[in-house]
Ligand SMILES: [Zn+2]
């Protein structure tokens, strides 16, 4: 019995030992497996970390490149914008210069046009003045050669007769004055023998006066001859000053001869 129990205990002891051995082996196996797993996990994690790192580095590199690219692009854009602004400024300057030139030329053209307009105006004015002057001269010529009473030969004949009558009268006066002067000369020769009171001197004065009067009437006769010549050509009755007809016509019958109108006569 005891042996049996001992055997049984031994068997059980062996069995327990085997079980413990198995369990230990299993635990060892499990630990090894866990270790292996942990190693694998670690490697996996390491690999992942490395991959992540690489990925991050690549991303950083890409980001850096992208930033550099964008910076370069921005720089290029800026340069382009600068160039465009410069070109625009240049173009603006050129356009302003061209506009200014155009303005100057337009102003020049306007001034030239104005000068031409003034010249034309001045020429026209000059032509008008000349035409007026010509007309005035022609009118004056016509007036200067007018024959105011030409169409009234009867009136001119009357004037001629009146002038001839006056001429005869003046010639009579001349004859009278000269014969009186001659008479005085004869008297003077007589007086020279007896000239105590100086009467020969006073008679000389009187004789000179008579001669002067005769000369005056001779001038009057000359004037009448001029008037008669004008009556003959039909121009008598025209004022010598203003060339207007002498009016009223009755003046021509009273004033013998008449060479001026009343207003011109008054202003002499
Ligand atoms: Zn007059």
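So here's what we get for this one:
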{"read-out": "Shape box of the chain [Cα atoms, principal axes, largest first, Å]", "value": "249, 55, 24"}
{"read-out": "Rel. contact order, % - alpha carbon contacts under 8 angstrom, at least six apart, segment 145-267", "value": "36"}
{"read-out": "By average C-beta atoms within 10 angstrom, highest first, the peptides 148-154, 106-112", "value": "148-154, 106-112"}
{"read-out": "Mean separation of Cα contacts under 8 Å (6+ apart) over length of the chain, as relative contact order %", "value": "17"}
{"read-out": "Over segment 30-119 - Rg/Rh using Cα atoms and the Kirkwood inverse-distance radius", "value": "1.83"}
{"read-out": "The chain, helix-only ellipticity at 222 nm - DSSP H runs n ≥ 4, -39,500 (n - 2.57), divided by all residues, nearest 500", "value": "-32000 deg cm²/dmol"}
{"read-out": "Between segment 85-125 and segment 211-268, the Cα center-to-center distance that results, in Å", "value": "70"}
{"read-out": "Cα convex hull of segment 145-267, projected area averaged across orientations, nm²", "value": "9.2"}
{"read-out": "Stretch gain in nm, segment residue 115-residue 44, where the contour uses 0.36 nm per residue and the Cα spacing is subtracted", "value": "15.4 nm"}
{"read-out": "Sites residue 216 and residue 129, calculated FRET efficiency, Cβ-Cβ separation with R0 45 Å, nearest 0.05", "value": "0.40"}
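Throughout, read-outs are computed from the coordinates displayed, never taken from laboratory work. Everything numeric here is computed off the predicted structure, so don't read it as measured data. Reconstructed Cβ throughout: ideal geometry from the backbone, glycine too, with neighbour counts over all protein chains shown.
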